[in-house]
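Read the structure below first, then the notes.
The values are calculated or read from the model by the stated rules, or taken from the named source; none is laboratory data. Nothing here was measured: the structure is a model prediction, and the numbers come from that model. Here Cβ is always computed from backbone atoms with ideal geometry, including for glycine, and neighbour counts include all displayed protein chains. When the accessible area is computed, the model is the full protein with side chains, heavy atoms only, and any ligands, DNA or RNA have been set aside. Shrake-Rupley method; radii C 1.70, N 1.55, O 1.52, S 1.80 Å.
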Amino acid sequence: MRRGFVLACLIAVSGVGVAQTPAAAPAASGPAPMVLWANGAPGAVGDADDDKPTIAAYIPASNPTKTAVVIAPGGGYQHLSMVKEGSDVAAWLNARGVAAFVLKYRLGMKYHSPIELGDAKRAIRTVRADAAKYGIAPDHIGMWGFSAGGHLTASAGTMFDAGDAANADPIEQQSSRPDFLILAYPVITMEDPYVHKGSRTFLLGDTPTQEQMDAMSAELRVTAQTPPTFLFTTTDDKTVPVLNSVMFYTALVKAGVPAEMHIFQHGAHGSGLAPANPPLSVWPDLLIKWMRERGYAAAN
């Protein structure tokens, strides 16, 4: 990667003059977890809680732009950060008039690819099929992922399908394409030297083939049809190298996909909305500005 190109990326640094993010108001309605497949998820190996992918709906009192976001918490495909990267994020979106659906997807302790992507696609289809019920526009459904959840989100944005119009299940008739992507310190590549090895192991197993790694390296899957994307990360992330985000951003630019990236110099991995880190906590303000500019959130 040439230094000049990296410097051309939109980089946010400590001390940016942006107003602090206001405290997120509680969701207007509490979470309502619901299984994504009423009769059992495809490929399920048991009937325990971790065999049942769900979404929890957080619906604000008002949603002027009729936007929804499916949230994929991180956790290295080993566990899920359901509060800091799940319900807290849903409350933040609700406070800004956006509906949120927190996804609990299956994990690498029991499941490997393509199960996780199948859960994400089903979540998007489900929200789209129920759009009228929740006061959502079916073309205003985005996905927001953190860390490994960012990899799942990038995968959903690069490996979607139009749905199966002949399927008897009305949910499966829906497109699985997110209308926009939000990637927070995401895992992107499955390739050395920048891969997060834990995510690769739990997603693909101990000895993945080159073909499997190529298939799940999101930077290799970007096309002109990939949704508009917002990326946030930090240069000194010690867990997921910053070049994961840079590689995806580069692929988006090459494909002509609208993209905005903010790289802060300092910030630990897994910061979420970073409410306790003033220099980093401005990043959600940059995100909501981007959403408003694209019609996915109302003006103040």
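Cross-link partners of K110 among lysines, defined as those whose alpha carbon lies under 21 angstrom from its own and excluding same-chain residues fewer than eight positions apart: K52, K121, K197. Heavy-atom accessible area for V253, with the other protein chains in place and a 1.4 Å probe, reaches approximately 70 Å². 3J(HN,Hα) couplings calculated from phi for the stretch 46-54 with the Karplus curve 6.51 cos²θ - 1.76 cosθ + 1.60 (θ = phi - 60°) are, in sequence order, x, 10, 7, 4, 7, 9, 10, x, 9 Hz; Gly and Pro show x. Ranking D51, D169 from most to least accessible surface, computed with a 1.4 Å probe over the protein chains only, gives D169, D51.
Please list I115, I55 from largest to smallest accessible area, probe radius 1.4 Å, with all protein chains kept in place.
Result of the area sort, largest leading: I115, I55.
Of the solvent-accessible surface of the chain, computed with a 1.4 Å probe over protein heavy atoms with every protein chain present, carbon and sulfur atoms account for 56 percent.
Converting phi to 3J(HN,Hα) with the Karplus coefficients 6.51, -1.76 and 1.60 and the offset θ = phi - 60°, the stretch 155-169 yields 5, 5, x, 10, 9, 8, 9, 7, x, 10, 4, 8, 6, 5, 7 Hz in sequence order, with x at every glycine or proline.
With protein chains left intact and a 1.4 Å probe, residues in the stretch 237-300 average 41 Å² of accessible area per residue. Rounded to the nearest 10 square angstrom, K66 shows an accessible area of 110 square angstrom against a 1.4 Å probe. Taking all protein chains together and a 1.4 Å probe, the residues D49, D161 rank D49, D161 from largest to smallest accessible area. Restricting the count to DSSP beta bridges whose residues both fall in the chain, what percent are antiparallel, rounded to a multiple of 5? Antiparallel bridges: around 25 percent, rounded to the nearest 5.
Within the assembled protein chains, the solvent-accessible surface assigned to H266 is about 100 Å², based on a 1.4 Å probe. For the cross-link pairs K66/K254; K84/K238; K84/K289; K84/K254; K104/K289, the ones whose C-alpha atoms lie over 24 Å apart are K66/K254; K84/K254; K104/K289. Only Lys, Arg, Asp and Glu carry charge here, each on its Cβ (+1 for the first two, -1 for the last two); on that basis the chain has a dipole of about 620 debye about its Cα centre.
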